[in-house]
1. Where a Cα-Cα gap under 20 Å defines reach, which lysines qualify for Lys30, not counting those fewer than 8 residues away within the same chain?
2. What are the ³J(HN,Hα) values, in whole Hz, obtained from phi via the Karplus relation 6.51 cos²θ - 1.76 cosθ + 1.60 with θ = phi - 60°, for each residue of region 120-137 in sequence order, with x given for Gly and Pro?
3. Give the range of the longest stretch in the chain that excludes all trypsin sites (Lys or Arg not before Pro) found in loop regions by DSSP and having at most 16 other beta-carbon atoms within 10 Å.
4. Restricting to the chain, compute how many DSSP beta bridges are antiparallel as a %, nearest 5.
5. Convert each backbone phi in region 60-75 into a coupling constant with the Karplus relation 6.51 cos²θ - 1.76 cosθ + 1.60 (shift: θ = phi - 60°), then list the ³J(HN,Hα) values in order as whole Hz, x for Gly and Pro.
6. Run through region 48-144 and list the GluC sites (Glu not before Pro) located in a DSSP loop whose Cβ has at most 12 other Cβ atoms within 10 Å.
7. Name the chymotrypsin sites (Phe, Trp or Tyr not before Pro) in region 1-103 that are in a loop by DSSP and that have at most 14 other C-beta atoms within 10 Å, would you?
8. Amide H of Leu5: which non-local residues (sequence gap of 5 or more, or other chain) have their own amide H closer than 5 Å, using H built in the peptide plane?
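Just so it is clear, none of the values below were taken in a lab; they were calculated from the coordinates. Please read all numbers here as calculations on a predicted model, not as lab measurements. With ideal geometry, Cβ positions are generated from the backbone for all residues, glycine too; neighbour counts draw on all protein chains shown.
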Amino acid sequence: MSGRLPYVKRKFYPHMIFDEAELWTDFINKYPERFDTVDYDFRVGEGVVLAADNDEEFIRMAKMLSQKRIDVIAWNDEQPTIIEVKTRVGLGTLGQLLGYKLLFKREFTIFPDPDLMVVTKLIDPDDTYILLQNRIKIAVLKNA
């Protein structure tokens, strides 16, 4: 399973607010050969489980709205990289990425362990240390 979309800049990235989309475009411009393909707004996890006596469409929508959503899964051949795009990284980013990795591995057992990465404008030394100790790659785009 490689990504459904080519790794090129686009006018719109699902699930990203304007500042994040601008940051991601800057990343693509700076590293145009970094990945082969991508998936955006990638859902993982079961989401909320409602009683079976609810309307089928309501159950489906509740699940979709409550699943975890990965900003980007970038692919090189069969190697996934889970990417969180944030203008400012905080400690919560660690929890997001580790959680996404566990859910992805549970659902997609045929792939190698995903790499983890954050693309950001701003990260403090403590958060840098913590993310690097957890083998999370950090791309800081100062002029983004």
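1. Lys9, Lys11, Lys86, Lys121, Lys137, Lys142
2. 8, 9, 9, 8, 8, x, 5, 5, 4, 4, 5, 5, 5, 5, 9, 6, 9, 6
3. Here the longest segment lacking exposed loop sites spans 35-134.
4. 55 percent
5. 4, 5, 4, 5, 4, 6, 9, 5, 6, 10, 7, 4, 9, 10, 9, 10
6. Hits after loop and neighbour filter: Glu78.
7. Phe12
8. Hits under the 5 Å cutoff: Val38.
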